[in-house]
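The structure appears below as structure tokens.
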Amino acid sequence: MAPTACFNCKEARAVIIRPKNRHKLCRACFIKIFETEVHETIIGTNLFFPGERVAIGASGGKDSTVLAAVLKTLNERYDYGLDLCLLSIDEGIRGYRDDSLETVKRNAVQYDMPLDILGYSELYGWTMDQVVEQVGKKGNCTYCGVFRRQALDRGAARLGIRHVVTGHNADDVAETVMMNLLRGDLPRLSRGTSIVTGSDASDIKRSKPLKYAYEKEIVLYAHHRQLDYFTTECIYSPEAFRGSARTLIKDLEKIRPSSILDIVKSGEDMAALVPVEAQTIKHCERCNYISSQRICKACTLLDGLNRNRPKTAIEVGVGMEDEESSSTLMRQMERAQLSAT
Amino acid sequence: MPAKELNKPCMECKDAEFELTVRKRQLCSLCFKRFIAHKVQSRLSVYRAFGLDGPKTQLLLPVSLGVSSSVLLHILNTDRQHRLDNGRPVGYDFKILVIEPSTVAATGIPFDQNYEALQKNFPMHTISRIPFHSIFDYAPEMVGIMKEYAGSKFIDDSTRSNEERLAAFRASISTPTSRTDVDTVLLTRLIVEFAKKSGCESIIWGDSDSRLAAKALAGVAKGRGSSLTWQVSDGMSPWGVRFEYPLRDLYKAELLQYESVCAELSDVVIPDQPPSENVLTKNLSIDELMLRYVQNQGAKYPGVMANVARTANKLNPSASDGAPTCALCASLLGNVKGNSGVTVANQAEDNHSSQFCYGCMRSRPDELC
């Protein structure tokens, strides 16, 4: 069978079928189109300003590695004038995070970006291994997700940076829309699809430049640019129900490849229809982090962990309450740094 | 007089043997029906604001001869009869519309006997029966819109019968998802036009909670999130006719239970076809996939599925009065006010037509997308 010519340049041999629209493309055109689409997202949403310092939340996985590579390319090609750096969170998962952090360290050299690593143990007094030891594997993703969100903001504040970009892709956003609908979570439905979050409620702006990029295309981009990324899944099992939502998204993609973007579009429209009273954002009374409740989720989870901490694990001679306040104190120190920046 | 000796009395009346378990309560059939009917009546209480002599709202009840809409008809009919017998205000009158099932889906299942049973068992109501292709009579402007929508894939021949013309249009749409989507749009439009011509102010749809959840999820997956405010929520539709979903607090399984204790419905209802096990996922329509998802996950997490329709019902209808709407389905064109996403901008590059909304564009024949 004769090779198919690239849909775009009509010259080179097509080697990729784009998952988004089934166009057959050559390697160079695919890479160019992928980058151009991310650029259009950045320009269309006024994501950056010249001279802005931006921290890339880097896990060593495909999404954040592609994000770092694309941003570096676009920053040079379109002269954004961004000062980019990598920010990694060490959740403290032996056999998973320690390996992926090695990848991030190599990325820092490859992309010539400074790297800062911040650990859960440093921020919260708990590594994820310790959390799992206490709460078991069921539901541990809740702890990790809640802690990571705050950790990135606090890490950025430590570096004096006010903008963190993350590698969330279109599949992640679509999954979040479905999950929020299934959970009946109107406040999250109103903000989960925004490309930029936190700009009004917190000092740190967070954004998702890959919001419209398909996960499959991110993998293809990483493959064809031969990017160095870490592929192992987290060793702790994911939530069963979220898993069902993810499977649903994958099934939808099989039926209609545009479904992922269609869900994102629906999510954006629905977000604009959420009643204002459901969107109120407060600040945690303890750590001042944004929260829909009086006490934020991270502080609530920490309370539970600290209350049940086995006495044998307390070796520094502090009582239960002291220890609880010590982790809160640590986070208060972070807050002091936040406000100082 | 000594009390009746009962093995397992109904938890509500304690005067009869229990027959059915609903929401962990064991009830006799009478109390069960009362419980189900109460859920529906509370949703329609807004139409009882007037006294005995007050004006009556005209409602349209589309009946597909499936379980849900037939149960809704039975509940409304029983309530109406009960109120008339007791000299209490009814507040509304309703007309029944049957779109001939054989003209919608080529299932080959005859429905004439079911229709006759409907006429026989509910003689107090005006029952109309129209075929799907009468959309050309009720909404003549649809021909032009269909031609524009399907482009060269649909060549209309006005010398042919309406049935053939509609079949030609439906054949122009290639995938099961798009066909189901466009069929739903056309059916809704036909029912709305019928309601308007019959002087009905509201349409009461027989969608159960489970069906609404599947509809909401499918709508979201097809890029129709902005239309949930009338496709799933109670509220004003873009055509100036209100949409109500009074079965929103009831699961499909409960409606099946209701049907099983209603002798009047046994000849009316066309039983649901069991879902085929041998279909590849990619050959399903999104609507079918979502129905299956809600059925499977709903069995494990019933509360979660109830969340979906409840959440969609909390969305504020879009405050975009006067904004341009889709020629086919009447949804908003472009983004809802306040949505600054760029998905629509991406789409605009592929297609310069602005007559159709995002969701309808996705269901268009391939080369026009």
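Read-outs throughout are calculated quantities, based only on the coordinates presented, and are distinct from any laboratory measurement. It should be emphasised that the depicted structure is a prediction, and the values quoted were computed from it without experimental measurement. Cβ atoms come from the backbone with ideal geometry, glycine included; neighbour counts cover every protein chain shown.
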> Among bridges DSSP assigns within the protein assembly as shown, what percent are antiparallel (round to 5)?
Replying inline: 30 percent
> Which entries in A:LYS297/B:LYS314; B:LYS33/B:LYS120; B:LYS39/B:LYS337 show an alpha-carbon gap greater than 29 Å?
Replying inline: B:LYS39/B:LYS337
> By its C-alpha gyration tensor, with a ≥ b ≥ c as the square roots of the eigenvalues, how is segment A:74-217 shaped: rounded for a/c under 1.5, else prolate for a/b larger than b/c, else oblate?
Replying inline: oblate
> Could you work out the helix-only [θ] at 222 nm for chain A, with each DSSP H run of four or more residues adding -39,500 (n - 2.57) and the total divided by the number of residues, to the nearest 500 deg cm²/dmol?
Replying inline: -16000 deg cm²/dmol
> What are the trypsin sites (Lys or Arg not before Pro) within segment A:44-119 that DSSP puts in a loop, where the Cβ has at most 10 other Cβ atoms within 10 Å?
Replying inline: none
>> Explain nothing, just the number: dipole magnitude of the protein assembly as shown about its Cα centre with +1 on each Lys and Arg Cβ and -1 on each Asp and Glu Cβ, in debye rounded to the nearest 20.
In response: 260 debye
> On a 0 to 90 degree scale, rounded to 10, what angle separates helix A:97-110 from the longest Cα axis of chain A?
Replying inline: 50 degrees
> In straight Cα distance, which lysines are under 22 Å from B:LYS196, not counting same-chain residues fewer than 8 positions off?
Replying inline: B:LYS56, B:LYS95
> Hey, what angle do you get for helix A:62-77 against the long axis of chain A, alpha-carbon based, 0 to 90 degrees rounded to 10?
Replying inline: 60 degrees
> For chain A, what is the relative contact order in percent, using Cα pairs closer than 8 Å and at least 6 residues apart in sequence?
Replying inline: 19 percent
>> Quick check on the exposure proxy: order A:LYS32, B:LYS215, A:LYS24 from fewest to most C-beta atoms within 10 angstrom.
In response: A:LYS32, A:LYS24, B:LYS215
> Where is the GNM fluctuation largest for chain A (alpha-carbon springs, 10 angstrom cutoff): A:MET128, A:MET270, A:MET113?
Replying inline: A:MET270
> By the scheme Lys and Arg +1, Asp and Glu -1, what is the net charge of all other residues having a beta-carbon under 10 Å from that of A:ILE195?
Replying inline: +2
> Shape call for chain A from the C-alpha gyration tensor, a ≥ b ≥ c root eigenvalues: rounded (a/c under 1.5), prolate (a/b greater than b/c) or oblate?
Replying inline: prolate
> Hey, in the GNM for chain A with a 10 angstrom Cα cutoff, which one of A:VAL276, A:VAL15, A:VAL264 fluctuates hardest?
Replying inline: A:VAL276
>> Using the basic label-point model (7 angstrom from Cα toward the beta carbon), what is the B:SER266 to B:SER152 distance in nanometres?
In response: 5.8 nm
> With +1 on each Lys and Arg Cβ and -1 on each Asp and Glu Cβ, how big is the dipole of segment A:29-276 about its Cα centre, in debye rounded to the nearest 20?
Replying inline: 300 debye
> So how many Lys-Lys pairs in segment A:29-276 land under 19 Å Cα to Cα, not counting same-chain pairs under 8 apart?
Replying inline: 22
> Which order do B:TYR115, B:TYR258 fall in if you start with the one that has the fewest other Cβ atoms within 10 Å?
Replying inline: B:TYR115, B:TYR258
>> What does DSSP give for chain B in terms of the percent of beta bridges that are antiparallel, rounded to the nearest 5?
In response: 30 percent
>> Quick check on the exposure proxy: order B:GLU201, A:GLU215 from fewest to most C-beta atoms within 10 angstrom.
In response: B:GLU201, A:GLU215
>> Between helix A:170-183 and chain A, what is the angle of the helix's C-alpha long axis to the longest principal axis, kept within 0 to 90° and rounded to the nearest 10?
In response: 50 degrees
